[in-house]
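*Asks:* Got a structure for you, written out below as structure tokens; questions coming shortly.
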Amino acid sequence: MSATTSIKEIKPPATNVGVIGWLRQHLFNGVFSSIATLLIFAFLIKVVPQFIQWAFIDSVWYTSGQECHAAEGACWSVITRNIRFNIFGYYPYHEQWRPLVAMILLIGMLVYSRDWNRWNRKLGYAWFIGLFVMGLLMKGGLFGLIAVESTKWSGLPLTLLLSFFGILASYPLGVVLALGRQSTMPVIKSLSVVYIEMIRGVPLITMLFMSSVMFPLFLPEGVTIDKVLRAQAAIILFTAAYIAEVVRGGLQAMDRGQYEAAESLGLNYFQMMRLIILPQALKIVIPPTVGILISAFKDTSLVVIIALYDILNTTKSILTEPEWTGFSTEAYIFIAMVYYLCCFSMSQYSRRIEKQLEYKNTSPQSNS
């Protein structure tokens, strides 16, 4: 055989490539993996058809509670017939367009702001005006809008309000607390440590009780603070303590050479933290930070203990009516989907930020 004779390319076995290769690698990679895969498939074959039959084929979608009790499938009417109360709660019926517009405005601005290239001073002014308009729509009292007490704010608008402002305010406060705990000044460090450990040592329910029951006792006679504002403050203070510990982990993960390099450039403490240390430390702790923020979003359901009704508790109120008793499965599936969509969106946005930061650090322009 001559040296110029072409050698036929040797292909991998058919069982290692394509669909068969993927199944073998991910589902049937060993005895235990194969047994687990078969058991899961058997479970799905038994459960999924029954669920489809119950949820879609035999279900009813817009009937009365009496007709739902006679149906064999799911009663989605518990959602469709009570959707306005489920979403807006005790907000005045004829004014519910106001929280709807406020939610659309908030979601629209969040979607628009997800691109970092749009972050500038004009966007900051737009957010300031947008938050003012949202507050005006919810509260009223100006421009011919009927004033609505915050005790009637409930449902999904209250959930978004508490979670959005809780996340927005607790993150910078947590960063400040983390820097305070790393400080070399004994007073600032001691105060930060005491605050963080004290807050992390009690559940959020305790904080909400303190804000609703105990805190008003320390106010002068005749002075009151809005209940929603007190609950918001409790959520912010509670979440900030956990964020502080996560950020502290990021600060401790930084190499000492980064600090020395910043000092060699003549940067002071604030310039060093703002330009060198914090951008890197906060990037490291994005996944655990998002986990805490997602937990804070779900923890807003605890405000029911101080007589505030978020979307979960407006659903519970519907289920207490005799007409809709017994349909909690359908109602909680709907609530689970709402929470899932919100939490999944937050998770996907954090992954997008991580990819953008990774691309920015590995791009040729950043290395040049």
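*Asks:* When only residues in region 114-125 that are within 23 Å of the chain's Cα centre (by Cα) and at pLDDT 85 or above count, which is surrounded by the most Cβ atoms within 10 Å (Cβ to Cβ)?
*Replies:* LEU123
To keep it simple, each residue is scored yes or no on (1) out of contact with any Asp or Glu (no Cβ under 6 Å at 6 or more places or on another chain); (2) surrounded by fewer than 18 Cβ atoms within 10 Å (Cβ to Cβ); (3) within 30 Å of TRP76 (Cβ to Cβ).
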position: TYR269; (1), (2), (3): yes, yes, no
position: GLN280; (1), (2), (3): yes, yes, no
position: SER295; (1), (2), (3): yes, yes, yes
position: THR315; (1), (2), (3): yes, no, yes
position: ILE318; (1), (2), (3): yes, no, yes
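*Asks:* Inside region 119-154, can you point out the residues that are among the β-branched types (Val, Ile, Thr), closer than 30 Å to VAL304 by Cβ and without any contact (Cβ under 8 Å) to a residue 24 or more places away in the chain? Explain how you work it out, then say what you get.
*Replies:* If we filter region 119-154 for residues that are among the β-branched types (Val, Ile, Thr), which is where we start, we get 129, 133, 146, 148, 151.
Imposing the further condition that a residue be closer than 30 Å to VAL304 by Cβ reduces the set to 133, 146, 148, 151.
Result: no residue meets the conditions.
*Asks:* Now for a different question. Could you grab me the full set of residues in region 327-347 that are hydrophobic (A, V, I, L, M, F, W, C) and without any contact (Cβ under 8 Å) to a residue 40 or more places away in the chain? Can you show your working first?
*Replies:* Looking only at region 327-347, we keep the residues that are hydrophobic (A, V, I, L, M, F, W, C), and these are 327, 331, 333-338, 341-344, 346.
Within region 327-347, ILE333, ILE335, ALA336, MET337, LEU341, PHE344 qualify.
*Asks:* Looking at region 40-54, which of the residues that are loosely packed, with under 11 Cβ neighbours inside 10 Å and not basic (Lys, Arg) is nearest to VAL78 (Cα to Cα)?
*Replies:* In the first step, residues of region 40-54 are kept if they are loosely packed, with under 11 Cβ neighbours inside 10 Å; the result is 42-43, 45-48, 50.
Filter once more, so that each one left must be not basic (Lys, Arg): 42-43, 45, 47-48, 50.
Numbers: ALA42: 32, PHE43: 29, ILE45: 28, VAL47: 24, VAL48: 23, GLN50: 21 Å.
Top of the filtered list is GLN50.
*Asks:* Could you list all residues from region 180-203 that are within 10 Å of ALA244 (Cβ to Cβ) and touching a Ser or Thr at 6+ places or on another chain (Cβ under 8 Å)?
*Replies:* Hits for region 180-203 are GLY180, ARG181, SER192.
*Asks:* Select from region 73-100 the residues that are without any contact (Cβ under 8 Å) to a residue 60 or more places away in the chain, surrounded by 13 or more Cβ atoms within 10 Å (Cβ to Cβ) and not polar (S, T, N, Q) and list them in ascending order.
*Replies:* The answer is GLY73, ARG81, ARG84, GLU95, ARG98, PRO99, LEU100.
*Asks:* Look at SER301 and say whether it is surrounded by fewer than 20 Cβ atoms within 10 Å (Cβ to Cβ), of a type in the set (Ser, Thr, Tyr), closer than 23 Å to ALA169 by Cα and at pLDDT 85 or above. Outline the logic, then answer.
*Replies:* Values: surrounded by fewer than 20 Cβ atoms within 10 Å (Cβ to Cβ): yes; of a type in the set (Ser, Thr, Tyr): yes; closer than 23 Å to ALA169 by Cα: yes; at pLDDT 85 or above: no.
Considered against the rule, which asks whether it is surrounded by fewer than 20 Cβ atoms within 10 Å (Cβ to Cβ), of a type in the set (Ser, Thr, Tyr), closer than 23 Å to ALA169 by Cα and at pLDDT 85 or above, SER301 comes out as no.
*Asks:* Are any of the residues in region 232-254 out of contact with any Asp or Glu (no Cβ under 8 Å at 6 or more places or on another chain), charged (D, E, K, R), exposed (fewer than 14 other Cβ atoms within 10 Å of the Cβ) and assigned to a helix (DSSP H, G or I)?
*Replies:* No, region 232-254 contains no residue that is out of contact with any Asp or Glu (no Cβ under 8 Å at 6 or more places or on another chain), charged (D, E, K, R), exposed (fewer than 14 other Cβ atoms within 10 Å of the Cβ) and assigned to a helix (DSSP H, G or I).
*Asks:* Are any of the residues in region 55-63 surrounded by 13 or more Cβ atoms within 10 Å (Cβ to Cβ) and not in a loop (DSSP other than H, G, I, E, B)?
*Replies:* For region 55-63, residues surrounded by 13 or more Cβ atoms within 10 Å (Cβ to Cβ) and not in a loop (DSSP other than H, G, I, E, B): present.
*Asks:* Which residue is nearest to GLU67 (Cα to Cα), if the candidates are limited to region 309-325 and must be touching a Leu at 6+ places or on another chain (Cβ under 9 Å) and β-branched (Val, Ile, Thr)?
*Replies:* Taking region 309-325 first, the residues touching a Leu at 6+ places or on another chain (Cβ under 9 Å) are 309-311, 314, 325.
Retained after the next criterion (residues that are β-branched (Val, Ile, Thr)): 311, 314, 325.
Details: ILE311: 25, THR314: 23, THR325: 13 Å.
Restricting to residues being touching a Leu at 6+ places or on another chain (Cβ under 9 Å) and β-branched (Val, Ile, Thr), the top hit is THR325.
*Asks:* If TYR269 passes every condition in (1) of a type in the set (Phe, Trp, Tyr); (2) within 24 Å of LEU161 (Cβ to Cβ); (3) modelled with pLDDT under 85 but one, which one does it miss?
*Replies:* TYR269 satisfies every listed condition except (2).
*Asks:* Next question, about the same structure. Take the residues in region 280-306 that are hydroxyl-bearing (Ser, Thr, Tyr) and over 8 Å from the mean Cα position of the chain (by Cα), then tell me which one is farthest from THR159 (Cα to Cα). Give the derivation first.
*Replies:* Our first condition is that a residue be hydroxyl-bearing (Ser, Thr, Tyr); within region 280-306, this holds for 289, 295, 300-301.
Narrowing further to those that are over 8 Å from the mean Cα position of the chain (by Cα): 289, 300-301.
On the way: THR289: 20, THR300: 6, SER301: 8 Å.
The selected residue is THR289.
*Asks:* Go over the candidates GLN66, GLN53 one by one and state the one that is among the polar types (S, T, N, Q) and either touching a strand residue (DSSP E or B) at 6+ places or on another chain (Cβ under 9 Å) or farther than 30 Å from VAL304 by Cα (or both).
*Replies:* GLN53 is the lone residue from the list that is among the polar types (S, T, N, Q) and either touching a strand residue (DSSP E or B) at 6+ places or on another chain (Cβ under 9 Å) or farther than 30 Å from VAL304 by Cα (or both).
*Asks:* Quick one: GLY201 ticks every box in (1) touching a residue at least 12 places away in the same chain (Cβ under 8 Å); (2) closer than 28 Å to LEU158 by Cα; (3) not hydrophobic (A, V, I, L, M, F, W, C) bar one, so which box is it?
*Replies:* (1)
The values are calculated or read from the model by the stated rules, or taken from the named source; none is laboratory data. Since this is a predicted model, take the numbers as computed values, not measurements. All Cβ positions, glycine included, derive from the backbone under ideal geometry; neighbour counts span all protein chains shown.
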